[in-house]
Amino acid sequence: MWGKRVRESSPLETFKVSEIITTSSFAMLSLILGFTYSMAVSRFELRRKLVIDEANAISSTYLRGKIIHVDAAKYKQLYRRYLDLRIESYDSYDNPERMAEIKKETGLIQKEIFTDFEVITLKNRGALESAYLYAMTDMFDSEFERSIALDVNLPPSIYMIILMIAIVTIGMLNYDRGYSQKESHWAMTLFIIVFAVIVCFIHDLDHPHTGAVQISQEALLMLRNSWVVQ
């Protein structure tokens, strides 16, 4: 063991310096893990909020549009299909082929919704039409914001920095153990287990569509259920 060999040829001051380095490594690792965890939690909360915001936007647009649209059957079918696609987009995130189809169909429905609105405004351009236009653009913006939020994750460089600091910390911990002639491995094992659990949890929070921690789609599901009884 490196620490044991150094102990035989180095004074006690060397061990004290190594203890300082080990403590500093632990402190730095704790700091960056806390910072990264905070970032992951913030992103998770934002994504959860965007689900609620989009559900509210779709509901507002649907209710306002019912007043000005003549073809009620087509209007309901269009919005219900749009809502189904928004729910499915989260469940199919890890299926690139299906996601491409969903995005394409979503874009076509958005275009059809806007085209129908343009036809209506040829005859009427009052307060109701203005209110519907505002709600419709908000709904489109919500879809875009939620899609972007799912695509943006923590940069891989952060995980690389965490790994590098962890390697240095483990190396210094092993060095100190050898220098002090301690044969127990429990501290090293415990550190590695705790470190792995924390990193996995951070990654899980940052990728909620793939891990154990999932973003609830309850707001969108409740909206769809409310439309079924209408």
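The values are calculated or read from the model by the stated rules, or taken from the named source; none is laboratory data. Just so we're clear, the structure is a prediction, and the values are computed from it rather than from any experiment. Ideal geometry is used to build each Cβ from the backbone, glycine not excepted, and the neighbour counts take in all protein chains shown.
Annotations
- Pairs, first modelled with pLDDT under 90 and part of a loop (DSSP other than H, G, I, E, B) in the range 108-131, second loosely packed, with under 11 Cβ neighbours inside 10 Å and among the hydrophobic types (A, V, I, L, M, F, W, C), C-beta under 8 Å, six or more apart: none
- Scope the range 23-80; condition over 21 Å from Met222 (Cα atoms), crowded, with 17+ Cβ neighbours inside 10 Å and among the small types (Gly, Ala, Ser); matching residues: Ser25, Ala40
- Val228 meets all of the listed conditions (1) touching a Phe, Trp or Tyr at 6+ places or on another chain (Cβ under 9 Å); (2) closer than 30 Å to Ser59 by Cα; (3) modelled with pLDDT under 85 but one, namely (1).
- Residue list for the range 83-129, restricted to those being closer than 27 Å to Ala212 by Cα and surrounded by 15 or more Cβ atoms within 10 Å (Cβ to Cβ): Leu83, Leu85, Arg86, Ile87, Glu88, Ser89, Tyr90, Ser92, Tyr93, Met99, Ile102
- Single residue of Ser157, Ser89 found to be polar (S, T, N, Q) and closer than 30 Å to Gly34 by Cα: Ser157
- Qualifying residue in the range 136-150 (condition: more than 20 Å from the chain's Cα centre (by Cα), in a helix (DSSP H, G or I) and hydroxyl-bearing (Ser, Thr, Tyr)): yes
- Looking across the range 80-107, the residues that are over 20 Å from the mean Cα position of the chain (by Cα) and touching a residue at least 12 places away in the same chain (Cβ under 8 Å) come down to Arg80, Arg81, Tyr82, Leu83, Asp84, Glu105, Thr106.
- Residues of the range 133-170 satisfying the condition of being of a type in the set (Gly, Ala, Ser) and free of Cβ contacts under 8 Å to residues at least 12 places away in the same chain: Ser157
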